[in-house]
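Heads up, the thing below is written out as structure tokens.
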Amino acid sequence: MANLPAPPRFDPSRGLAPARHAGPPRSSTASGPWRPDVLRWLQAHQNDGHRCADLDPLGVADSVDARELLAPGRFGLDPTERLGADAPALLGAHDVAGLDRALKRIYCGRLALDTSAVRDADRRHWLHAHFETLPPPHRDQALLDRLIQAEVWERHVARRFPLAKRFSLEGCEALLPLMDALAAQAALHAVAEVFIGMPHRGRVNLLVNLFGMPPAQVLDHIDPATTTPLASDDLIYHLGARRLVHTEHGPVTLQLAPNPSHLQSIHPVVLGMTYAAQKQCRAAALVLHGDAAFAGQGVVMEALMLSQRSGYAVGGCIHVILNNQLGFTTPNPMDAAASRYCTDVARCIDAPVLRVNAEAPEQLARAAALAFAYRARFGADVLIDLIGYRRLGHAEQEEPALSSPGLYPMAARRPPVATLLGEAMVADGLCSASEMAEHLDSRRAAVDHGLLLSAQAGAAAAHRRVTAQPQRPADSHAATFELDTLGAWVSDMTRLPRGFQPHPVIARLVDQWRRSVADTAARVNWCFAENMAYASLLTRGIAVRVSGMDVERGTFLHRQAVWHNQTPTGPDKFVPLRQLSSAAGFEVVNSPLSEEAVLGFEYGHSVQRPDDLTIWEAQYGDFVNGAQVFIDQYIASGEEKWGQRSALVLLLPHGHEGVGPEHSNAFLGRFLQLCGAGNLRVAYPSTAAQWFHLLRRQALDPVRKPLIVMSPKAVMQQDADSHSPVQALLQGGFEPLLDDRGVAADAVERVVLCSGKLHHELARARAADPQAASRVALLRIEQLYPFPAAELAATLSRYRRAETLVWAQEEALNQGAWHHVRDELAPLAPPGRAWQPVARAVTASGATASVTLHRRQQAELLSRALNG
């Protein structure tokens, strides 16, 4: 076979040049000299041809018979009729019979186009025109050999480790050449980097055959007898990879993001990574999905929704559905007769779908070409539904016939797709049957032998790091500013454009800011401190991104990052932090009503741009549990599992104010339970100055770690005792522990340790109690993890006469920090003494919804903390 002349390689760009080169061809549905009934018949094929297409390799899905639905007779046409008097050829045909053959070949074959979700007529016409002018499919040896690689890898692993869980690609081996075609299209459209997310199915195969991970290294993960300890960081089918590949259209970098077993969670992460990368280069998002997970997991819909919104859109994402028509063990067949598909969730964004029979690998390059061309032309999402089957069970050691006794015998009888392609090439006259048999045997043997040699060579160094991020040089985050510097920032930020009329609230804010930098004795609030922190970073060249619900204004009117013109003249909006001269970029984006996908997006952004300050703020801290997957599986553990560093900041408004269980609790105890091995930072600042310095430390610290902040709500924002002298912003840095400098240490009999806003309430209660005023010291833990044990030990040594040590928290005993800090505090107590917790009673639901009851509980808690 090697001596046969190779057929010309398919050029995916033929007829599908990137949008910047040429406009679309004329659609066949455009008005012309053809008869109206001919055009109705043509449009019926465009609309419903996909329902009649030959897409299911096993033939188990319900479909529609094109001979009935799209028969010429249903439209009043006779096969012998011409298409119109003196009408030119339509799709190369002059009569009804010729057009019938062309339409069935185009719209009812093994590649189908479903535009039923596309409401824009121009987009539908563009799609139909390009679909009708795609170059014909072709088959060649290079395509055959890629399928053999995918097939032999699975057989090799099955032979060596028959009980290993690898989530085999068998039944959908066509995914590998599809990924080749998509990479080539990315290069054709001048994309420098493609960010990829995918579930388990086929991932190990792609790690070897697309990303070039050494087979021995992969097998070392699978081998139950491995002695390589680093291989235990995470499962092989969770790992990511990065590789520069060379295609016929040039080089392109492919980056596969690591992801956990929460399959679809990677979708928004990849979007965030792509969005971040697009600030520096041309990047594209490519997300693979399982059919059942795509249809069943809510994060998919949330992530799709982001594709339509400014601040999140990436210019269109290409989705590939690895469609086995099974969800774990539950059948999930498509129903073309009823027009029901696993892709229906994408109707919410009007996405077109290209459906491909996985046993028609010659169609893959055509699907990839049209998908990338659509993305380039419209900047919108598009789906490729690769319909195959699962030859083995969900995991290879399972017995699939237990749950699907009819389906799996059919799958077992199907020849490998490489064999089917070889038969088709023989039928095309490209070689003889004996030559093809010899090639298949020799090529399979050669690939298997290569894998065996690799295994004998031994595993390479563990493949831990996915996204290499160089550590920044040490950079002091201590503040050394003059008041004039803040004054210059305020001047830039409050210089309003002509015709801009601010709201009275903003006018008062401007006046307050200006007064704050005009007097060294001024006290500043949290809003001023946060904005000045960002200004100090932006002017230092560090970009800032803040995202979340209502973050432009802030839930408690606490940020005011975007000002709105109150008159119809002049600019609509004014962003103060974008007025600073020679500053880095500042983004503030009001998110849709979503926690899960938006937090995943921001995590991806923070991974890709580790030197930026990336912030996600919850409307209330309680709502963060809607994104728990990203906290547990990515933010808390991503660095240890995958070497993937993030400095993402989570701002979680937290505090008991009598507003009920859903607006009070950011689950501080739950976050502390996730802490270990230095993976997170958890802070609960109590003053505006601490807030200023905490944000700066997070941005400037060369050690990049996620930061969880119990941020202030309305009561603390407005608490004058939590405001700081402007001088406190000019010098110093964040302090993880604040001592009580208002009492004489030798007179103290009782030390009360707490965090956050409770300190100010304790201080006011102490001031009103003559007995407590001199004998009680109030210490503040501003950073709960890593716990400042050394600083606290040194501070406690000042209070030698203290007989009572108290940990006070306003949360219930089972929900605050106590169960974490008690183990840190215990060794710091002098001999014979122990820390006593003061907290609300254990509760299942959390904070009370009664302001009256809250005040009563709070007064009782303050009394117990101060007096026992």
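Some points to look at:
- Residue check for T848: among the hydroxyl-bearing types (S, T, Y) and either surrounded by 14 or more Cβ atoms within 10 Å (Cβ to Cβ) or touching a helix residue (DSSP H, G or I) at 6+ places or on another chain (Cβ under 7 Å) (or both): yes
- In the set (1) more than 30 Å from L326 (Cβ to Cβ); (2) touching a helix residue (DSSP H, G or I) at 6+ places or on another chain (Cβ under 6 Å); (3) among the acidic types (D, E), the condition left unmet by D114 is number (1).
- Options R514, R553, R545, R498; residue that is under 29 Å from the mean Cα position of the chain (by Cα) and closer than 25 Å to S582 by Cβ: R545
- Only listed residue being among the small types (G, A, S) and out of contact with any Leu (no Cβ under 8 Å at 6 or more places or on another chain), chosen from A283, A303, A313: A283
Rundown of residues vs (1) open to solvent by less than 40 Å² (accessible area, probe 1.4 Å); (2) among the hydroxyl-bearing types (S, T, Y); (3) within 19 Å of R124 (Cα to Cα); (4) in contact (Cβ under 8 Å) with a residue 24 or more places away in the chain, yes/no style:
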| position | (1), (2), (3), (4) |
| --- | --- |
| R40 | no, no, yes, yes |
| L70 | yes, no, no, yes |
| R82 | no, no, no, no |
| A87 | yes, no, no, yes |
| L90 | yes, no, yes, yes |
| H94 | no, no, no, no |
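- Among the residues of the range 440-448, not a single one is among the charged types (D, E, K, R), at pLDDT below 95, more than 30 Å from E151 (Cα to Cα) and open to solvent by less than 80 Å² (accessible area, probe 1.4 Å).
- Meeting the requirement of 3 or more residues that are touching a strand residue (DSSP E or B) at 6+ places or on another chain (Cβ under 9 Å) and open to solvent by less than 20 Å² (accessible area, probe 1.4 Å), the strands (runs of 3 or more DSSP E) wholly within the range 210-297 are 250-256, 283-290.
The rows are residues; the columns are (1) touching a strand residue (DSSP E or B) at 6+ places or on another chain (Cβ under 9 Å); (2) within 21 Å of W489 (Cα to Cα); (3) crowded, with 20+ Cβ neighbours inside 10 Å.
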site: L538; (1), (2), (3): yes, yes, yes
site: M549; (1), (2), (3): yes, no, no
site: P576; (1), (2), (3): yes, yes, yes
site: L580; (1), (2), (3): yes, yes, no
site: F586; (1), (2), (3): yes, yes, yes
site: L593; (1), (2), (3): no, no, no
site: F601; (1), (2), (3): yes, no, yes
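- Helices (runs of 4 or more DSSP H) within the range 32-122 that include 1 or more residues within 26 Å of L421 (Cβ to Cβ) and among the small types (G, A, S): 66-69, 96-107
- One residue alone among D519, D484 is closer than 21 Å to L580 by Cβ, open to solvent by 60 Å² or more (accessible area, probe 1.4 Å) and among the acidic types (D, E), and that residue is D484.
- The set of residues in the range 666-683 that are open to solvent by 10 Å² or more (accessible area, probe 1.4 Å) and assigned to a loop (DSSP other than H, G, I, E, B) comprises F667, C675, G676, A677, G678, N679.
- Residue pairs whose Cβ atoms lie under 7 Å apart, sitting 6 or more positions apart in sequence or on different chains, and linking a residue in the range 561-589 that is at positive phi to a partner that is among the basic types (K, R), are G570/R498.
The values are calculated or read from the model by the stated rules, or taken from the named source; none is laboratory data. This one's a predicted model, so the numbers in the text were calculated from it and none came from an experiment. Backbone-built Cβ (ideal geometry, glycine too); neighbour counts: all protein chains shown. Ligands, DNA and RNA are stripped out before the accessible areas are found, and what is left, the full protein with its side chains, is counted by its heavy atoms. Shrake-Rupley method; radii C 1.70, N 1.55, O 1.52, S 1.80 Å.
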